[in-house]
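Reviewing the structure listed below.
Here, each number is a calculation from the coordinates, and none is a lab measurement. For clarity, every value in this text was computed on a predicted model and none was experimentally measured. Don't worry about glycine lacking a Cβ; one is built from the backbone with ideal geometry, like all the others, and counts go over all protein chains shown.
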Amino acid sequence: MNVLVFAEQRSGKLKKASLEAMSAGRAIADQTGGSAAAVVLGQSIGSLAEELGKVGAEKVFVGDDGIFEQYSSDAYGLAVAKAFGAFGADVLLMSATAMGKDLAPRVTGRLDMGLLSDVTGYTVEGGAVVFTRPIFSGKAFATLTPKAGKPFGVTLRPNVFPVGDAAKTPEVVPLEHGVTSGDVKAVVEQILAAEGGMLDVAEADVIISGGRGMKGPENYKILEELAGLLGAAVGASRAAVDAGWIDHAHQVGQTGKVVSPSLYIACGISGAIQHLAGMSSSKVIVAVNKDPEAPIFKVANYGIVGDLFEVVPLLTQAVKELKAQG
Amino acid sequence: MNILVCVKHVPDTETRVKIAPDGLHLDLSEANFVMNPYDEYAVEEALQLKEKLGGEVTVLTVGGDDATKTLRQALAMGADKSVLISDAAFEGNDAMATAKTLAAAAKKQSFDLVLAGKHGVGEDNQQVGSLLAQFLDIPAVTVVTKLELDGTNAKCTREIEGGAEVVKTSLPAVFTCQKGLNEPRYPSLKGIMQAKKKEVTTYSAADLGLDGSSVGAGAAAFELKKYELPPPRPAGRVLSGEIPDQVKELVQLLHEEAKVI
């Protein structure tokens, strides 16, 4: 199968999640006897093709045009659909980032083909690709396969698939996108960075989360200090968000973000079913809670029954000492 | 300002998912079905816009007769009219088929904008709003946390990784709503009484000119192989001893055993 990967760039830099998608695209193409290409859109982005080659793109369609300077689902949707046709692709792959989730259905809808969202695994069985995706925020998983002979799209959950190393020197093809200003209806005017440039829970490899046990918004600074040391993002339970202690962007769980970091430290979070759905696929889970009966201990690899206001500062100190030893 | 709101009747977030013995069906017999939580923000936003600008709010859903409960809730909150799109032909609808169905129903209404939840909990596809826009040939802005209308344009804020984007669009457009956009109201007793008298229009597949070639299980792009529960997590260790010693042990375990710090 020929796989076309939409590679997302922001400020001229490729997203790591797009390198993951390109690597998966390369692997699927290899295992099904096809080719893998990328499409990248933006302004002054020609040099990104080489980087996409390093993770397996044989061909890169480059839409280097002022019209793509700011993201527009209309303009990007048209251009990616054009690239899909130009490559003779069977599969459209992109990462399920904020942009990917917004863009993918605009392309598959335009091309009248099916789309699987937020895929977390795939295997190739007898030339057919079988995909696994979480439903109910991870309370269950569905395994699906495309009906034969029809092109389709897939978005891949970020932070799940590895970045490969399949060095290619890609053929660079300027994309004949045909997009005009009349096609651009919804367009980004401005990007607002989160306060203090904090890492997003959806992208973080380590997450320190605080729940009802945090007792108030002012106490999140103890989590922030530890997060700073570990290069971690600060997460929260729904209870803390609904209490107004922290913005919803930090919420982990069924009505927040579903995350799979290497390390998830839950502080003062009891572990409601909605929260567990959102973080149970983390590699290592640490729970700190005063209540030894809290459900969070059932999913934790390591648990400390204790007051987070005693444990977290000690943990911060111990991590500082560990880092000092190098 | 006439507003269409697309809603979905879904198992609530407390639901414990069970899988039927054949592995191909979910057993949701014990689940409590409610209006999709994100759709509550869409209904609320529509009502606030109506209160400011006048017009009518019409709620649409694709579902069985039980989905009337979710329509009644929207009507009790203050929506004016509702449409239940229901037919055996819609059994097994994927996101594409649902969007085509909603688009066909939307074309029978006059509207200035369409609101929906950012995704339906359960299926978690996050596709229908964008697909609907595509089939109506209008723009879409998804995961919106702030919406301001200005004549024939709208300016909204949408959530992205580590921040937000301000997006400007022409109208009509589809907006999908995220937590933070507003605080959905509870239906008042008066609202609940009035809702009983409000109109629920029903459309069949034939009413919308749809058949099994474009909707339902037969039109689905993917074939389900199986449902599975997540693998159980290995039994964990609750540490013991004085808290400072436990913390030291934890850091050592994370560093040497789990190798995650």
Need the full-extension length gain, B:ASN32 to B:LYS225, defined as separation in residues times 0.36 nm minus the C-alpha distance. One decimal, nm. 66.9 nm
Rounded to the nearest 20 debye, what is the charge dipole size of the protein assembly as shown about its Cα centre when +1 sits on each Lys and Arg Cβ and -1 on each Asp and Glu Cβ? 560 debye
Restricting to lysine pairs 8 or more places apart or on different chains, what number in the stretch B:27-151 have Cα atoms under 26 Å apart? 26
Helix-derived mean residue ellipticity, 222 nm - over chain B, DSSP H n ≥ 4, -39500 (n - 2.57), to 500: -7500 deg cm²/dmol
Estimated vicinal HN-Hα couplings, Hz - the stretch A:175-188 in sequence order (Karplus 6.51, -1.76, 1.60; Gly, Pro = x): 6, 7, 8, x, 7, 10, 4, x, 7, 8, 10, 10, 9, 6
Could you pull out the trypsin sites (Lys or Arg not before Pro) across the stretch A:63-133 that fall in loop regions by DSSP (anything but H, G, I, E, B) with no more than 15 other Cβ atoms inside 10 Å? none
Along the dipole axis of the stretch A:195-325 (charges at Cβ: +1 for Lys and Arg, -1 for Asp and Glu; origin at the Cα centre), the most positive-end residue among A:ASN301, A:GLY231, A:ALA202 is A:ASN301
In debye to the nearest 20, the charge dipole size for the stretch B:78-132, taken about the Cα centre with +1 at each Lys and Arg Cβ and -1 at each Asp and Glu Cβ, equals 240 debye
Quick calc: nm separation of the 7 Å Cα→Cβ label points for A:LEU322 and A:ASP112 -> 5.6 nm
List the residue ranges in chain A for DSSP H helices whose C-alpha atoms run 20 angstrom or more along the long axis and whose Kyte-Doolittle average is 0.0 or above. A:73-87, A:308-325
Taking amide H positions as placed in the peptide plane 1.01 Å from N, state which residues far from A:GLU171 in sequence (5 or more) or on other chains have amide H under 5 Å from it. A:LYS59, A:VAL60
At 1.306 mPa s and 10 °C, Stokes diffusion of the stretch B:93-219 via Kirkwood alpha-carbon radius, µm² per second: 97 µm²/s
If amide hydrogens are placed 1.01 Å from N in the peptide plane, which non-local residues have theirs closer than 5 Å to the one on A:VAL119? A:THR155, A:LEU156, A:ARG157
Computed on Cα atoms, the radius of gyration and Dmax of chain A in angstrom are 21.4, 62
Lysine pairs within the stretch A:195-325, Cα separation less than 18 Å, 8 or more sequence positions apart or different chains: 5
Only helices at least 27 Å long along their own axis, judged from Cα atoms, and with Kyte-Doolittle mean hydropathy of -1.0 or greater: name those in chain B from DSSP H. none
The stretch A:109-131 versus the stretch A:270-309: alpha-carbon centroid distance in Å: 33 Å
Candidates B:GLU44, B:GLU161, B:GLU228: whichever shows maximal mean-square fluctuation once chain B is modelled as a Gaussian network with Cα springs under 10 Å: B:GLU161
Amide H to amide H under 5 Å from B:LYS146: which residues, 5+ apart in sequence or cross-chain, H placed 1.01 Å off N in plane? B:THR157
HN-Hα J in Hz across the stretch B:143-149 - Karplus 6.51, -1.76, 1.60, θ = phi - 60°, x for Gly and Pro: 6, 8, 10, 7, 9, 10, 9
Given Cα pairs under 8 Å that are at least 6 residues apart, what percent is the relative contact order of chain B? 24 percent
